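This report refers to the structure that appears directly beneath it.
The values are calculated or read from the model by the stated rules, or taken from the named source; none is laboratory data. Please read all numbers here as calculations on a predicted model, not as lab measurements. No Cβ is skipped: glycine too gets one built from the backbone with ideal geometry, and neighbour counts run over all protein chains shown.
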Amino acid sequence: MGRTSGYVDGLLSGATWGVVAVLLPGPERLAGGSLSATTTAVAVLFDAAAAVFLLARSAVAGSLTDVVRVLCSRRVFAVGVCSLLGGPLFMGGYIAAVILAGPSDALTVTAMYPVVGALLAWLLLRQRLGRLGWVGVTVAAVGAGLIAVDASGADDSGHVLVGVVVALVAATAVAGEGIVATWAMAGLDTTTVMAVRELLSAAMFGLVLLAVPGGVATAATMITDTGLAVPIVVAGMVGGYSYAIWYRSIRKIGVARAMALNISYAMWGALFAWGLHQTPLTLLAIGGCAVVTAGAVVTILSGGIENSNDRKGRLKDGPTPRGRSPLRSS
């Protein structure tokens, strides 16, 4: 049952991140300011909204004290690494890549992150995928790439190459986050971990914003522009939830499978753009959606992988046994 719900979480994390992709403003709406100031301002607003949403969720669940405990424990350093990888390096890099190279090239490169994640999980966590599992992960990434190639790209310029390099760094960072998250959330509730992760990420971006020339002014302009701020804030809230269930999926079914299912965001984004914005679906986009779906199904059916930490009982979701605080081992 836990494995089945892990697959559902992985697919749902992809669907919700597809909503994020539709909500975030495109490069035409973000033009005008410097690259560093615009990227940081969007990221601060996004991660702050995600942190507030997850903290409110923790408050409703009565686990705010757990958030404070994690912040005061040595575990905060591991969660901080997740924040650095998924915040400034991934989110900041992805937004910068969209501005530099356009959404097509940015999505094409970042869509390859499940392959990187599967390699890292095999090397660092001993999470071994069989041949069928590798086929599923690779097929899902290729399908996402097909959808991205069909998307509208940026004008050809020297900025595109820089954007592609930045997107590659972002893809590697988010793959690395999945690996570190496996250790960071051991024995803890995933929502608690994600609340701390987003809080630290927003704080990091806030410090960068203060150092970037024109950053504060750019952020202030965005906040006063409701047509720009509201979609970013809503995207941040949805993105926070998406990240939380992605972490939960990693815990239940392992890094490689969770990433292969999460990458379905390319398919969901194309479908949502068609449904909400009447963006036409071409044969290439439809084919890409079919390939992503096939890759996800093959990954689910591949079977046989167990997280080594799961086998030791350290990644079980839910409350820690009475008298054993997960923070003591951190």
Within the stretch 103-110, is there a residue that is in a loop (DSSP other than H, G, I, E, B), in contact with a helix residue (DSSP H, G or I) (Cβ under 6 Å, 6 or more places away or on another chain) and modelled with pLDDT under 70? no
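Yes/no matrix, rows are residues, columns are (1) within 21 Å of A61 (Cα to Cα); (2) touching a Phe, Trp or Tyr at 6+ places or on another chain (Cβ under 9 Å):
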| residue | (1), (2) |
| --- | --- |
| V193 | yes, yes |
| V212 | no, no |
| I232 | no, yes |
| G236 | yes, yes |
| A244 | yes, no |
| I253 | no, yes |
| L276 | no, no |
Checking the conditions here, which among I286, I250, I179, I223 is in a helix (DSSP H, G or I), modelled with pLDDT under 90, hydrophobic (A, V, I, L, M, F, W, C) and surrounded by fewer than 20 Cβ atoms within 10 Å (Cβ to Cβ)? I286
Tell me whether the stretch 141-155 contains one or more residues that are touching a Cys at 6+ places or on another chain (Cβ under 7 Å), surrounded by 23 or more Cβ atoms within 10 Å (Cβ to Cβ) and modelled with pLDDT under 65. yes
Could you go through the stretch 226-235 and let me know if any residue there is hydroxyl-bearing (S, T, Y), surrounded by fewer than 24 Cβ atoms within 10 Å (Cβ to Cβ) and modelled with pLDDT under 90. yes
